[in-house]
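The values are calculated or read from the model by the stated rules, or taken from the named source; none is laboratory data. Every value quoted in this text rests on a predicted model; they were computed, and no experiment measured them. Glycine gets a Cβ as well: all are built from the backbone with ideal geometry, and neighbour counts include every protein chain shown. Heavy atoms of the whole protein, side chains included, go into the accessibility calculation; ligands, DNA and RNA do not. Shrake-Rupley method; radii C 1.70, N 1.55, O 1.52, S 1.80 Å.
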Amino acid sequence: MTELKPVPTGCSDVPILKERGQREVFCGLTGIIWLHRKMQDAFFLVVGSRTCAHLLQSAAGVMIFAEPRFGTAIMEEKDLAGLADAQEELDREVARLLARRPDIRQLFLVGSCPSEVIKLDLSRAAERLSAVHGPHVQVLNFSGAGIETTFTGGEDACLAAMVPGLPASSERSLLIAGALPDVVEGQFRRLFADMGVENLQFLPEARSADAPGIGSATQVLAAQPFLGNTIAELERRGARHHAAPFAFGAEGTEAWLWAGAEAVGVSRARFEQVIAAPKARAQKAVQSVAEGVQGKSIFFFPDSQLEIPLARFLSRECGMIPIEIGAPYIHKGLVGPDLALIAAGPRLAEGQDVDRQLDRCRAARPDLTVCGLGLANPLEAEGLATKWAIELVFSPIHGFEQAADLAELFARPLRRRRMIEAVHPARVAS
Ligand code: SF4
């Protein structure tokens, strides 16, 4: 087993096409859907419009199985003269909510786009409400506004808002930043425990009482590539970030786990002993799925910010050929190690000008296009196979045990397209 070496002709220094035009992405409020499931004693109060309430309800509707841990305080149709009223209304809304839900320990006021909301100072409101309802309830704020965030940017804003309030600790620990599905978190806990790592922490934890302690001996591993602000806040608290390829596929998972293990002094021999079996299983499982995608070209529209690590996995472990890798932001401090492993060739694009990108996609006619829901249907109608980027955020895709499932997420739409071609050749001959 050898450590990963950057590809000599990798994408680290490839010029990046920077686009600033119309964007086709969800806003950061979407992150509440997975964050509220993870953080069991938190509540997300969106201060927004009916549109925000509608987005949350329709995006989360199918997932509500108990009393939800999010809601919307509608702040529409208020002029400047009504601002004082709006503050009072917010205070009343929060008091009512906390009286009804004594289980809430962390309350997030989530900002949104309407100008009425932008005029409200939510950070002052959070301070004021913390003073009133503390110490049992901590009130924090972040923005999920579509004008400031893409859909994974909401999680970054939320976690970054939590960092200044985390307890101080001088103990050496490994901190994994980023909300992971429970099944994946459990696997990583077991692997690190088998390596002998005793002080393993997660941000966020399920209960705010278990919030991680931070200090100069905290070694941070980002679980997601969209956490630039969270990592910056952790570094401000003295923690040390270890950049690594993200834990997608067998190779990525090994490199990511090793970055964490090495940071807290695990020996390479112990590490290899622990990961040998799950890594071999992952390699074998990926291989069997990869046959269906080998040699197929892929085009990424900017959406989840997972695009660069996924392109690395799909090109190196599944034999796919990335044509364009678009990402909302390219944060080299986080995705640099993945970029270094992608062989030069694909165009890298940051930001979006959706019409120009659609033109490039149509001209390239990739075998598979990864994009948001709004673009998928029109592209399918033009005979292009698509994959919804949002599924990649809602599915467990990290780690050895999920490596083949991740490859399968890309193999399935190609299979579906082959079946359509077989049944209706005329419909795809455009
Ligand atoms: Fe609300 Fe803005 Fe998101 Fe629309 S884009 S749902 S107005 S935060």
Checklist entry - Dipole size in debye (nearest 20) for the chain around its Cα centre, Lys and Arg Cβ +1, Asp and Glu Cβ -1? => result 780 debye
Checklist outcome for this item: Residue-normalised 222 nm signal for the chain, counting each DSSP H run of n ≥ 4 as -39,500 (n - 2.57), nearest 500 deg cm²/dmol, is -14000 deg cm²/dmol
Checklist entry - For the chain, what value does the Rg/Rh ratio take when both radii are computed over Cα atoms and Rh is the Kirkwood radius, given to two decimals? => result 0.98
Checklist entry - Which residue, A209, A250, A263, tops the fluctuation ranking in a GNM of the chain built on C-alpha contacts under 10 Å? => result A209
Item to check | Residue with peak Gaussian network fluctuation, the chain [Cα springs, cutoff 10 Å], from R20, R236, R316 | outcome: R20
Checklist outcome for this item: In this structure, the FRET efficiency calculated for E382 and E272 from their beta-carbon separation, with R0 = 51 Å, to the nearest 0.05, is 0.60
Next on the checklist: Normalised radius of gyration for the range 266-421, please: alpha carbon Rg relative to 2.2 N^0.38 Å, two decimal places.
Outcome noted: 1.07
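Between H133 and D194, what length comes free when the chain is fully extended (0.36 nm per residue of separation minus the Cα-Cα distance, one decimal in nm)?
Between H133 and D194, full extension yields 17.8 nm more.
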Checklist entry - Per residue, how much accessible area does the range 136-255 show when a 1.4 Å probe rolls over the protein heavy atoms, in square angstrom? => result 34 Å²
Next on the checklist: Placing +1 on the Cβ of each Lys and Arg and -1 on the Cβ of each Asp and Glu in the chain, which of L414, A95, P114 has its Cα farthest towards the positive end of the resulting dipole?
Outcome noted: L414
Checklist entry - the range 327-367 to the range 23-44: how many Å between their Cα centroids? => result 25 Å
Checklist entry - Which loop-located GluC sites (Glu not before Pro) does the range 171-243 contain, where loop means any DSSP state but H, G, I, E or B and the Cβ has at most 12 other Cβ atoms within 10 Å? => result E171, E198
Item to check | Portion, in percent, of the accessible area of the chain that falls on carbon or sulfur, probe 1.4 Å | outcome: 52 percent
Checklist entry - Taking only protein heavy atoms and a 1.4 Å probe, what accessible area per residue, in Å², does the range 269-416 have with all protein chains in place? => result 35 Å²
Item to check | Placed amide H near S173: partners under 5 Å, 5+ positions off or other chain | outcome: T218, Q219
Checklist entry - What ranking do 290-298, 46-54, 10-18 get when scored by the average of other Cβ atoms within 10 Å per residue, highest first? => result 46-54, 290-298, 10-18
Item to check | Total lysine pairs whose alpha carbons fall under 26 Å of each other in the chain (8 or more apart, or interchain) | outcome: 14
